[in-house]
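Novice: Encoded as structure tokens, here's the structure I'll be asking about.
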Amino acid sequence: MRLRFVLALAFAGSAAAQQGPKPAAADTAAHKVPPGPGAVALPNADPFPSTYKPFPSKTTLIKNATILTAAGPRIVGGSILLKDGKIAAIGTNVAAPADAVVIDGTGKFVTPGLIDTHSHLGVYSAPGVEANSDGNEAVRPNTAYVWAEHSVWPQDPQFPRNLAGGITTLQVLPGSANLFGGRSVVLKVVPARSVQGMKFPGAKYGLKMACGENPKRVYGNRGGPQTRMGNVAGYRQAWIDAEAYRRAWDKYLADPSKGDPPRRDLGLETLAEVLRGNILVHNHCYRADEMMQMIDIAHEFGYKIRSFHHGVEAYKIADVLAKEGIAGSLWADWGGFKMEALDGIDANLALFDKAGGRAITHSDDPSGSQRLNQETAKGMAAGHAIGIDISEDEAIKWNTINPAWALGLDDKIGSLETGKNADVVLWSADPFSVYAHADKVWIDGAMLYDRSDPKQQWRTDFELGFVGFTGGTN
Amino acid sequence: MRTARMALLGTLVAAAAIALPAQTIAITGGTVYPVSGPAIKNGTVLIRNGKVAAVGANVAIPADAKKVDATGKWVTPGFINSTSVLGLVDVGFGGGSNESSAKGTDDVSASFQPWLAYNPLNVLIPAAREQGITGVVIWPNGNLVGGQGAFVDLFPGSLPDVLVKAPVGMAVDFEEDRDAGVQARGELIGKLAGLLEETRAYMANKAAYTAGKTRAFDYGRANLEAMIPVVTGRLPMVMSVNRAADIEEALRFAREQKVRVILYGASEGWMVAGKIAAAKVPVLTGAMNNIPRDFTELNSRQENAALLRKAGVTVVLVGNAGGGDEENFNVRNVRFEAGNAVGYGMTWDDALAAVTTNAAQVFGVADKVGALKVGMEGNVVVWDGDPFEFATRAVHVYVRGVEYTQPSRKDLLTERYKNLPPDYFKN
């Protein structure tokens, strides 16, 4: 029998395999000139610029719903007005403009669009044939020079399934075979002809790093690293090189008249941008002790880790992570599948939240990503079971404003507040019930998914002719 | 002091290995879902000598019974996870023991009985049981014919005690050519037919085989012996298969070969649901698989389980969405497959049957487990709400009439790190 636990991505095995605090000041500056170099100007900071344009939208009022805002207590009998791509008003007494489409939300729930900080959609597309395995450049332990967006296939049929699950923003990461996997990309879950058409305008890049078993397994017989100490030596040497590179470039840029520019190096360019605070570090790491070592490395070289990913032992050091201002992109209940995942517990998210950490429900899985609300519901229940009273108003943050912060986008998305992007989900019931569905999903005020209308259900090129039914209606 | 604690812990572990005496237990006041009949409001379940002794609205409670107040709660049979490797795998990858796959000969390991390595003290068992799983079916992994499955009740005891039935089926891969050591589906089917033919030839000429007077066989005696119950129709083949056309071929194969089959996966089963129902072939499938993750699963959809049921197929819900390890670490999550099945069109009662009595029926143990009927094993769960909801917890779990309260390893870790920094001597 072929049992189904594939583990492809958590493993990120071989190349072919499937395998707190306020944002730093640099954030604000970077949002103005994104993504990129802030104070300095590299040769071309944004060679693959976003071409995303919001889809046509109608002024829409959803009324009489229970609204989980992720910015405070729920609004019962609430209304929310979406206009010109933004949230124009929210409250219990919102008047509908004459031209507004009015949707009765009686008995239903409204939340911000959900955000997944850990996706491999488009880089490990479906069907999972070898030709679609584009997530791990497992040729050497440091591939900081690759960019995930160059692997993303916009016609991956997994994208519309995510949208139907109420997911509106994804961070697509390279896999975890390498110490430095490369740049991530933040996407809106929208149909487009190119990845540039999906790129979230203004989003910073992320850098994928990986601890522990994966790099040492993949390279153990290929020149190393073969051990965890080899892993750490690999990170430190790369940061030493990156710091020298950054100094050379910053010196040149301070006065370009004084000579030729240094020779560009794609990998060091990415690492130097981390040192300048312009790229956010997303670090795959399971064990508490290894996370502590990664924190010391970050201190040694003067960069910040934005979020640990997987962190099945985050609960053991939740106090430290909260103090360091490092978010935890965590599973609700995965664990046990390898030694470094052995100590996974169901209350990880809840304990992390209770300690003051920014808890994030992440997926690393195309199935789990469609049901981030269900995963959060599990984590909340596990908290309740040990006496941690996580309210739904708090838990919704694990899917919305906390991941928005991890991506440096919390000023644009992740909560339902006037002026923010109108990324909104209307749920058939309490989204933490197993029986709830996303009924309608809006991105920048445009309704891009309607469960009751097959014409409002995006089908990728791949599905045409191949797939007779995409699911969603019943 | 430390030594004393260590000793205490040792006692705990040792105690877990000894079957506890079953008390007489009366679970009263809850809504009882016996599965074999309609729900009973304010019902009583009486367990005596490890078996269900009475179920109903008016049950006389013996004076010696331990009363468990289930007012406001839901009482069901223990849930069953039908596609598991629980007790066979300590750590799936990168170390630890994994006793779930055999080497085999020419991709056939029909004689493989993975339960011979079943460890009733595997640390993942309490984590499954404390959230309402009282029985699992454990299977081998890999190969064209992977080996035999066994139905196990989740309590600490010796193998003969915990086995409900073995074997319950023969695992056959009808789809993954690589696992079968072939390159094409047609080649795979031919290879499987060849094995069945050889088994029949062997069965008819055992004496000649022993005397070395038969033609050369591709497969050894152990594998051929193991296949005899399959060709005689006593043991079903559990066939992994997903594409609609391949499902039809599997049904045809079963008819022609006169073997019993159970389909596993069946992502596109909804497209041929009527044919599956007409063949009276049961299906093991999940409710959260909607990704065309292979060219054989292009038409996967979440309504699959509900549509199969609607067509009259006996559906057993299992975890097969691809992530989250519902086969080992997260065995208990099969109840959320049931919830999602309801979300996508199955009736609640059908979903409950799909994680209880249907599994028992399909594997031939419906007289023992999967429902609350007099004489059946006292495998009972008391839930504090709808068992398919995330917010619900199992508050009492009985296996053969015994409530095991031993904390899981997860519980112990949680207790140790609930308050930081941890006190390594206290917890």
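The values are calculated or read from the model by the stated rules, or taken from the named source; none is laboratory data. As the structure is a computational prediction, the values presented were derived from the model and not from experiment. Methodologically, a virtual Cβ is constructed for each residue, glycine included, from the backbone with ideal geometry; neighbour enumeration extends over all protein chains shown. Surface accessibility is based on the protein's heavy atoms, side chains included, excluding ligands, DNA and RNA. Shrake-Rupley method; radii C 1.70, N 1.55, O 1.52, S 1.80 Å.
Novice: Connecting C-alpha atoms closer than 10 Å in a GNM of chain B, tell me which of B:121, B:372, B:88 has the biggest fluctuation.
Specialist: Greatest mean-square fluctuation among the candidates belongs to B:121.
Novice: Please check: in the Gaussian network model of chain B (C-alpha springs, under 10 Å), which one of B:75, B:399, B:55 has the largest mean-square fluctuation.
Specialist: Comparing B:75, B:399, B:55 in the GNM, the peak value goes to B:55.
Novice: What is the average number of partner chain Cβ atoms found within 10 Å of a Cβ in A:428-434? Intermediate values should be presented prior to the final figure.
Specialist: Details: counts 1, 1, 2, 0, 3, 7, 15.
What the average comes to for A:428-434 is 4.
Novice: Which length gain, in nm to one decimal place, applies between residue B:121 and residue B:24 when the Cα-Cα distance is subtracted from 0.36 nm times their residue separation?
Specialist: Details: separation 97, 0.36 × 97 = 34.92 nm, distance 2.54 nm.
Full-extension gain reported as 32.4 nm.
Novice: Further question: By the gyration tensor of its Cα atoms, with a ≥ b ≥ c the square roots of the eigenvalues, what is the shape of segment B:169-238: rounded for a/c under 1.5, prolate for a/b over b/c, or oblate?
Specialist: On the way: a/c = 2.68, a/b = 1.57, b/c = 1.71.
Oblate, because a/c is 1.5 or more while a/b does not exceed b/c.
Novice: Project the alpha carbons of the protein assembly as shown onto their principal axes and report the range along each, largest first, in whole Å.
Specialist: For the protein assembly as shown, the Cα spread along each principal axis is 95, 68, 67 Å.
Novice: To continue, here is another question. Where the centroid of each part is defined by its Cα atoms, how far is segment B:165-238 from segment B:64-123 in Å?
Specialist: Computed from Cα coordinates, the inter-centre distance equals 26 Å.
Novice: Under a Cβ-only charge scheme (Lys and Arg +1, Asp and Glu -1), can you give me the dipole magnitude of segment B:79-369 about the Cα centre, in debye to the nearest 20?
Specialist: Details: 26 positive and 32 negative charges, 179 e Å.
In total the dipole reaches around 860 debye.
Novice: At 1.567 mPa s and 4 °C, plugging the Kirkwood radius over alpha-carbon pairs of segment B:79-369 into Stokes-Einstein gives what diffusion coefficient in µm²/s?
Specialist: Details: Rh = 19.1 Å.
My calculation gives 68 µm²/s for D.
Novice: Obtain the nm distance between the two label points defined at residue B:418 and residue B:201 by a simple spin-label model: each point lies 7 Å from its Cα along the Cα-to-C-beta direction.
Specialist: Inter-label distance under the simple model: 6.6 nm.
Novice: How big is the charge dipole of segment B:343-425 about its Cα centre, in debye rounded to the nearest 20, if each Lys and Arg gets +1 on its Cβ and each Asp and Glu gets -1 on its Cβ?
Specialist: Details: 8 positive and 11 negative charges, 62 e Å.
In debye, rounded to 20, segment B:343-425 gives about 300.
Novice: Kindly express, to the nearest 10 degrees and within the range 0 to 90, the angle between helix B:221-231's C-alpha long axis and the longest C-alpha principal axis of chain B.
Specialist: It works out to around 80 degrees.
Novice: Mind pulling the per residue volume of the convex hull built on the Cα atoms of segment B:120-210? Å³ is fine. List each step's numbers first, then the result.
Specialist: Numbers: hull volume 12.8 nm³, N = 91.
Given the Cα convex hull of segment B:120-210, per-residue volume reads 140 Å³.
Novice: Sort out for me the Cα centre separation of segment A:68-105 from segment B:370-420, rounded to whole Å.
Specialist: The two parts, judged by their Cα centres, are 42 Å apart.
Novice: Okay, next question. Summing -39500 (n - 2.57) over the DSSP H runs of n ≥ 4 in chain A and dividing by its residue number, what mean residue ellipticity at 222 nm do you reach, to the nearest 500 deg cm²/dmol? Numbers along the way, then the final one.
Specialist: Details: 12 runs with 119 residues, N = 474.
Only helices count here, giving -7500 deg cm²/dmol.
Novice: OK, next. Could you tell me the ratio Rg/Rh of chain A? Both radii from Cα atoms, Rh via Kirkwood.
Specialist: 0.96
Novice: Here's a follow-up. Which value, in square angstrom to the nearest 100, describes the accessible area buried between chains A and B on both sides, using a 1.4 angstrom probe? Please list the in-between numbers first.
Specialist: Values: alone 18910 and 18750 Å², together 32110 Å².
Its buried surface, counting both partners, is about 5600 Å².
Novice: Hey, another quick one. Can you give the net charge of the other residues whose Cβ lies under 15 Å from the Cβ of residue A:253, counting K and R as +1 and D and E as -1?
Specialist: Details: positive: A:246, A:247, A:251, A:258, A:263, A:264, A:276; negative: A:250, A:255, A:260, A:269, A:273.
Surrounding charge for residue A:253 is +2.
Novice: Go ahead and run the numbers for FRET between residue B:42 and residue B:158, Cβ-Cβ distance against an R0 of 35 Å, rounding to 0.05.
Specialist: On the way: r = 39 Å, r/R0 = 1.11.
Approximately 0.35, to the nearest 0.05.
Novice: Carbon and sulfur together cover what percent of the accessible area of the protein assembly as shown at a 1.4 Å probe radius?
Specialist: Details: 16930 of 32110 Å².
With neighbouring chains kept in place, the figure for the protein assembly as shown is 53 percent.
Novice: Where does the charge balance sit around residue B:377 when Lys and Arg score +1, Asp and Glu -1, over other residues with C-beta under 9 Å from its C-beta?
Specialist: On the way: positive: B:51, B:368, B:400; negative: B:153.
Combined, the nearby Lys, Arg, Asp and Glu give +2.
Novice: Okay, helix-only estimate at 222 nm for chain B: each DSSP H run of n ≥ 4 adds -39500 (n - 2.57), divide by all residues, round to 500 deg cm²/dmol; what do you get? Before the final figure, lay out each step's value.
Specialist: On the way: 13 runs with 120 residues, N = 427.
Per the formula, -8000 deg cm²/dmol.
Novice: Do any trypsin sites (Lys or Arg not before Pro) in segment B:247-307 lie in a loop, going by DSSP, with at most 12 other beta-carbon atoms within 10 Å of their beta carbon, and if so which? Provide the component values of the computation, followed by the final result.
Specialist: Working: sites: B:252, B:255, B:258, B:260, B:275, B:280, B:293, B:301; in loops: B:258, B:260, B:280, B:293, B:301.
Qualifying residues, ordered by number: B:258, B:280.
Novice: For segment A:75-91, in order, what is each residue's ³J(HN,Hα) by Karplus, 6.51 cos²θ - 1.76 cosθ + 1.60 with θ = phi - 60°, in whole Hz (x at glycine and Pro)?
Specialist: Taking θ as phi minus 60°, the curve returns 10, 8, x, x, 10, 9, 10, 9, 8, 6, x, 10, 7, 8, 7, 8, x Hz for segment A:75-91.
Novice: Tell me, which residues of segment B:319-347 get at least 30 Å² less accessible area when the other protein chains come in, versus the chain alone (1.4 Å probe)?
Specialist: Output list: B:322, B:323, B:324, B:325, B:327, B:329, B:332, B:340, B:343, B:344.
Novice: Something else about it: Shielding by partners for A:144-154, please: the mean number of other protein chain Cβ atoms within 10 Å of each residue's Cβ.
Specialist: On the way: counts 0, 0, 0, 0, 0, 0, 0, 0, 0, 0, 0.
Across A:144-154, the average partner-chain Cβ count within 10 Å equals 0.
Novice: What is the sum of charges around residue A:57, taking Lys and Arg as +1, Asp and Glu as -1, for the other residues whose C-beta is under 15 Å from the C-beta of residue A:57?
Specialist: On the way: positive: A:53, A:58, A:83, A:86, A:188, A:420, A:440; negative: A:84, A:99, A:423, A:444, A:450.
With Lys, Arg at +1 and Asp, Glu at -1, the net is +2.
Novice: Looking at the protein assembly as shown, what % of its DSSP beta bridges pair antiparallel, to the nearest 5?
Specialist: Values: 67 of 122 bridges.
Taking every DSSP beta bridge within the protein assembly as shown, about 55 percent pair in antiparallel fashion.
Novice: Follow-up question, since we're still on this one. To the nearest 20 debye, what is the magnitude of the charge dipole of the protein assembly as shown about its Cα centre, counting +1 on the Cβ of each Lys and Arg and -1 on the Cβ of each Asp and Glu?
Specialist: Approximately 620 debye in magnitude.
Novice: Looking at the calculated P(r) for segment A:49-147, what percent of the C-alpha pair distances fall above 20 Å? Can you show the working numbers first?
Specialist: On the way: 2834 of 4851 pairs.
Value for segment A:49-147: 58 percent of Cα pairs lie more than 20 Å apart.
Novice: With springs only between Cα atoms under 10 Å apart, run a GNM on chain B and tell me which of B:81, B:205, B:320 wobbles the most.
Specialist: Among B:81, B:205, B:320, the largest mean-square fluctuation in the Gaussian network model of chain B belongs to B:205.
Novice: Now for a separate question. What ³J(HN,Hα) values, in whole Hz, does the Karplus curve 6.51 cos²θ - 1.76 cosθ + 1.60 give for segment B:72-79 when θ = phi - 60°, with x put for Gly and Pro?
Specialist: Those phi angles translate into x, 10, 10, 10, 9, x, x, 7 Hz.
Novice: Please compute the average number of Cβ atoms from other chains found within 10 Å of each residue's Cβ in peptide A:338-349. Numbers along the way, then the final one.
Specialist: On the way: counts 6, 7, 3, 6, 8, 4, 5, 11, 8, 6, 4, 0.
For this peptide, the per-residue mean of nearby foreign Cβ atoms is 6.
Novice: Quick check: Cα centre of segment A:425-444 to Cα centre of segment A:276-303, how many Å?
Specialist: Centre-to-centre distance over Cα atoms comes out at 35 Å.
Novice: If you roll a 1.4 Å probe over the heavy atoms of the protein chains, what accessible area per residue do you get for the protein assembly as shown, in Å²? Let's see the in-between values first.
Specialist: Values: 32110 Å² over 901 residues.
Value returned for the protein assembly as shown: 36 Å² of accessible area per residue.
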